[in-house]
Amino acid sequence: MTLLLNAGMCFAGGDYDAHFPDMDTNGDAQVVKEEFTAYFKDNSKPDEAFAIIDANKSGGIDHDEWHAF
């Protein structure tokens, strides 16, 4: 199980490991694409990662989606 979780964090051009509130800069309990890409600006494909993590395609990543990832 640990191997699968660690493998999920490294894809789409970088390492995607963060504390949810650090990404949610406006504190609305959703990380929108702009917040996500700003936080992971040093990764090469944050747009692709966002699309995968936003499982319900709502345009935002909630705490449950982030931890499911």
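FYI, it's all coordinate maths here, none of it is from the lab. This structure is a prediction, so every number in the text was calculated from the model and none was measured. Neighbour counts run over all protein chains shown; Cβ positions are idealised from the backbone, glycine included.
What is the local net charge at Ala55, summed over the other residues whose Cβ is closer than 13 Å to its Cβ (Lys, Arg +1; Asp, Glu -1)?
-3
Determine which residues of segment 47-69 fall in the zone a paramagnetic label at Asp22 would reach in this model, i.e. backbone nitrogen under 15 Å from the point 7 Å along Cα→Cβ.
Counting backbone N atoms under 15 Å from the label point, the list is 67.
Which distance in nm do the two modelled labels at Ile52 and Phe69 give, with both placed 7 Å along the Cα-to-Cβ direction?
Placing both labels 7 Å along Cα→Cβ, they lie 1.0 nm apart.
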